[in-house]
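**Student:** My questions all concern the structure below.
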Amino acid sequence: MDLATAQVIGAGLAAIGVGAASAGVGFVFGSFLQGALRNPSAAASQTGTLYIGFAAAELLGLMAFAVAMIILYAR
């Protein structure tokens with residue numbers, strides 16, 4: 001296996017984190033909506049937690065993308 005093949009395989013494996021981030025964002029918003037529908041009066045106090053969870057899930061996706069690009073283009 002040459003270097004180019006290993007880089008493409010490594011970048012593809014690192015890009016799995018982008019899919020995990022999208023699943024995480026869906027889980028965060030789904031949980032918030034489920035909680036907001038069960039107790040609408042508490043929904044306003046939970047929006048800060050919603051945004052923190054969203055930011056953490058998106059950070060995972062951005063880091064996975066950055067690692068994939070570093071693996072793909074660094075020599």
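Every number here is computed from the coordinates shown, using simple stated rules; none is lab data. Note that the coordinates shown come from a computational prediction; the quantities given were computed from them, not determined experimentally. Note that each Cβ is placed from the backbone with ideal geometry, even for glycine, and that neighbours are counted across all protein chains shown.
**Student:** Order these by the 10 Å Cβ neighbour count, fewest first: Met63, Met1.
**Tutor:** By the 10 Å Cβ count, ascending, the order reads Met1, Met63.
**Student:** List the DSSP H helices in the chain whose Cα atoms stretch 30 Å or more along the helix axis and whose mean Kyte-Doolittle hydropathy is at least -1.0.
**Tutor:** On the way: long enough: 16-38 (33 Å, 1.23); 47-73 (39 Å, 1.79).
Length and hydropathy pass: 16-38, 47-73.
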